[in-house]
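Participant: Here's a structure for you.
The values are calculated or read from the model by the stated rules, or taken from the named source; none is laboratory data. Note that the coordinates shown come from a computational prediction; the quantities given were computed from them, not determined experimentally. Please note: Cβ atoms are built from the backbone with ideal geometry, for glycine as well, and neighbour counts cover all protein chains shown. Ligands, DNA and RNA are stripped out before the accessible areas are found, and what is left, the full protein with its side chains, is counted by its heavy atoms. Shrake-Rupley method; radii C 1.70, N 1.55, O 1.52, S 1.80 Å.
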Amino acid sequence: MSFSGDKLLGGPQAGVLAGRAELIAKLRRNPMFRALRVDKLTVEAMETSLRSLLLERWDELPVLRMVRQSREQLELRAAEFLQSHAIQGAVVIDGESMLGAAARRSRLCRRA
């Protein structure tokens, strides 16, 4: 099985391989493994993310902290963003969004 470290776990951007030890060992023998392996900083960030998930420290993971925000918090963030960036004619509108690729199709603000 493979999955994304950032999308599934809210951790660093990295591909994760999981499964039976003999299959993982076989994959490690592939010459591409060396080119695609992650560095020590990514491993450390992944460990921190997994520890936060295990200990249910949701707010330590930025993606989980953001998706758990209330409607009021999101409205405040949107208003602060527009104010700090002085986007002429932009307004915050009511809407709904989804996580993942579908979120790209959602509109959270638009020009008036």
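Participant: Which one is farthest from VAL38 (Cα to Cα), of the residues in the stretch 1-21 that are assigned to a helix (DSSP H, G or I) and among the small types (Gly, Ala, Ser)? Full working, then the answer.
Facilitator: Narrowing the stretch 1-21 to residues assigned to a helix (DSSP H, G or I): 5-9, 21.
Now restrict to residues that are among the small types (Gly, Ala, Ser): 5, 21.
Details: GLY5: 11, ALA21: 19 Å.
The qualifying residue farthest from VAL38 (Cα to Cα) is ALA21.
Participant: Before we move on, is ARG77 in a helix (DSSP H, G or I), modelled with pLDDT of 90 or more, farther than 17 Å from GLY5 by Cβ and open to solvent by 90 Å² or more (accessible area, probe 1.4 Å)?
Facilitator: Yes: the conditions hold for ARG77.
Participant: For LEU41, indicate whether it is among the hydrophobic types (A, V, I, L, M, F, W, C), at pLDDT 90 or above, out of contact with any strand residue (DSSP E or B) (no Cβ under 7 Å at 6 or more places or on another chain) and in a helix (DSSP H, G or I).
Facilitator: Criteria met by LEU41.
Participant: Take MET32 and decide whether it is more than 29 Å from MET98 (Cα to Cα), open to solvent by 70 Å² or more (accessible area, probe 1.4 Å) and modelled with pLDDT under 85.
Facilitator: The answer is yes for MET32.
Participant: Any residue in the stretch 36-55 that is touching a helix residue (DSSP H, G or I) at 6+ places or on another chain (Cβ under 6 Å) and surrounded by fewer than 12 Cβ atoms within 10 Å (Cβ to Cβ)?
Facilitator: No, there is no match, as no residue in the stretch 36-55 is touching a helix residue (DSSP H, G or I) at 6+ places or on another chain (Cβ under 6 Å) and surrounded by fewer than 12 Cβ atoms within 10 Å (Cβ to Cβ).
Participant: Which residue pairs have Cβ atoms closer than 8 Å, lie 6 or more positions apart in sequence or on different chains, and pair a first residue in the stretch 23-36 that is part of a helix (DSSP H, G or I) with a second residue that is of a type outside the set (Phe, Trp, Tyr)?
Facilitator: That search, which allows pairs on different chains as well, returns ILE24/LEU17; ILE24/ALA18; LEU27/LEU17; PHE33/LEU27; LEU36/GLY15.
Participant: Take the stretch 16-29 and flag every residue that is surrounded by 12 or more Cβ atoms within 10 Å (Cβ to Cβ) and touching a helix residue (DSSP H, G or I) at 6+ places or on another chain (Cβ under 9 Å).
Facilitator: Matches in the stretch 16-29: VAL16, LEU17, LEU27.
Participant: On to the next question. Can you tell me which residues in the stretch 44-58 are within 16 Å of LYS7 (Cα to Cα) and not hydroxyl-bearing (Ser, Thr, Tyr)? Lay out the reasoning, then the answer.
Facilitator: We begin by selecting, within the stretch 44-58, every residue within 16 Å of LYS7 (Cα to Cα); these are 45-50, 52-53, 58.
Correct list: ALA45, MET46, GLU47, LEU50, LEU53, TRP58.
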